[in-house]
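Undergrad: Can you read through this structure? Questions will come right after.
The values are calculated or read from the model by the stated rules, or taken from the named source; none is laboratory data. Keep in mind that this is a model prediction, so the values were computed, not measured. Every residue, glycine among them, receives a Cβ derived from its backbone with ideal geometry; neighbour counts consider all protein chains shown.
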Amino acid sequence: MNAQKHLFQLPDHIHYLNGAYMSPLLKSVEEAGIEGLIRKRNPASIQPKDFFEGAEHLRASFGKLVNCSPQQVAIIPSVSYGMASAIKNLPVRPGRRALLVSDEFPSDVYSLQKWCAENEQSLVTISAPETREKRGETWNGLILEHINENTSVIVLSSVHWADGTLFDLAAIGARCQQFDVRLIVDGSQSVGALPMDVQAFHIDALICVGYKWMLGPYSLGLAYYGERINEGTPIEESWMNKSQAENFSRLTEYADGYAPGAARYNVGEFGNFISVPMLHTAIEQVLAWGVPEIQAYCRELTRPLAAFLRENGVWVEEEAYRAGHLLGFPLAPGTDGENVVKKLREKDIYVSLRGSSIRVSAHVYNTEADIEALVGALGSK
Ligand SMILES: Cc1ncc(COP(=O)(O)O)c(C=O)c1O
């Protein structure tokens, strides 16, 4: 595929290599949001069905993106929220341990820590290997070793959010299935840019923000919850998730049951007239481009950067264990990382500092010129 910069509103002079922080808006997504905003000028035009229809379209488009039925999709405001629903419904199995990988995103860590403390389950963190050689492969191997008959659940990101290490979800999911281990994945840094298949990977819950690789607005995300928790307990009781909610004149005939599938895990007021059509429009564009094509485009773009770094003695994860769209590289010991980011910013180059690594993330709004600018700036230091 070719660069799609013309579909975005990014100013021409900036090199925005920071989609892992937040994506820019597609013009079409911006228009969908403006249309949604204007709708409330005249509430007489908003029908009861409008509270639900946009959400159904959104659940369907996410289902296509991650290969699940729309019924198993829930609309969430944040990863912390979606994670809370997944973790609240975990079975407590005495003697088994919960697993995390090191430096996982805090919304995932805090949720699992709390559940472990409340349920007297031990928590083990699988640290990244000290070695740089075959680091990704070794880390993946350690994860597989830790998943056994003593494991209750593993929570991890499909792509490590700080450095782009790829975790082999097919192998991890197969091993979880073998030992009846629940697999909860934070897809925030991959879904939309890297193929995801909740069925092939035997995922129990997949939780994603919408504002990064799905190119949506802030404060709206999506989750897949497997059928095993269709009868589970949500973290709040929204009238919108009950059966017969669409009949506004009979809302006080309080219902016992919930809408089917994972609908009970939808956040209250999930039918946001502004953000729901925005995220739906964005995902439809992602689907139209094709996720494998997006990933291939990003990999092509970041390959010369990886080569440049290696030539200059900077460690970069080997190709098979790094995502094409997100690449982290460590700074030399003693380097002031904040200053590196500031200096790049002065040249209109935007990246992130995560720990002691620089995180570069690319998408279809980027071109070779962005990578060349970064390589030039790093080379001229
Ligand atoms: C892997 C990952 N998960 C979650 C989030 C955001 O979490 P929350 O929606 O709880 O703010 C981020 C944000 O950078 C992230 O990188």
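Undergrad: Pairs, please: C-beta under 9 Å, at least 6 apart or cross-chain, first residue free of Cβ contacts under 8 Å to residues at least 60 places away in the same chain and more than 23 Å from GLY210 (Cα to Cα) and in the stretch 73-94, second of a type outside the set (Gly, Ala, Ser) and within 13 Å of the ligand (Cβ to nearest atom)?
TA: none
Undergrad: So which residues in the stretch 28-83 are within 16 Å of the ligand (Cβ to nearest atom) and not in a strand (DSSP E or B)?
TA: PHE62, VAL66, PRO77, SER78, VAL79, SER80, TYR81, GLY82, MET83
Undergrad: Same structure, new question: Within the stretch 65-84, can one find any residue that is aromatic (Phe, Trp, Tyr) and touching a Leu at 6+ places or on another chain (Cβ under 6 Å)?
TA: no
Undergrad: If ILE143 passes every condition in (1) within 22 Å of the chain's Cα centre (by Cα); (2) exposed (fewer than 14 other Cβ atoms within 10 Å of the Cβ) but one, which one does it miss?
TA: Result: ILE143 fails condition (2) only.
Undergrad: Quick one: count up the residues across the stretch 91-107 that are away from the ligand (no atom under 16 Å from the Cβ) and in contact with a Ser or Thr (Cβ under 7 Å, 6 or more places away or on another chain).
TA: 5
Undergrad: Which condition number in (1) touching a Phe, Trp or Tyr at 6+ places or on another chain (Cβ under 9 Å); (2) modelled with pLDDT of 95 or more; (3) surrounded by 17 or more Cβ atoms within 10 Å (Cβ to Cβ) is the one that ILE235 fails?
TA: (3)
Undergrad: Under 18 Å from VAL286 (Cα atoms), β-branched (Val, Ile, Thr) and within 16 Å of the ligand (Cβ to nearest atom), is that true of VAL185?
TA: Here the answer is no, as VAL185 does not meet what is asked.
Undergrad: Report yes if some residue within the stretch 202-216 is touching a Phe, Trp or Tyr at 6+ places or on another chain (Cβ under 8 Å) and surrounded by fewer than 21 Cβ atoms within 10 Å (Cβ to Cβ); otherwise report no.
TA: The answer is no, given that none of the residues of the stretch 202-216 is touching a Phe, Trp or Tyr at 6+ places or on another chain (Cβ under 8 Å) and surrounded by fewer than 21 Cβ atoms within 10 Å (Cβ to Cβ).
Undergrad: Further question: What single numbered condition from (1) among the charged types (D, E, K, R); (2) surrounded by 14 or more Cβ atoms within 10 Å (Cβ to Cβ); (3) assigned to a loop (DSSP other than H, G, I, E, B) fails to hold for GLU137?
TA: (3)
Undergrad: Also, quick follow-up: Give the number of residues within the stretch 198-218 that are more than 13 Å from the ligand (Cβ to nearest atom) and in contact with a helix residue (DSSP H, G or I) (Cβ under 7 Å, 6 or more places away or on another chain).
TA: 8
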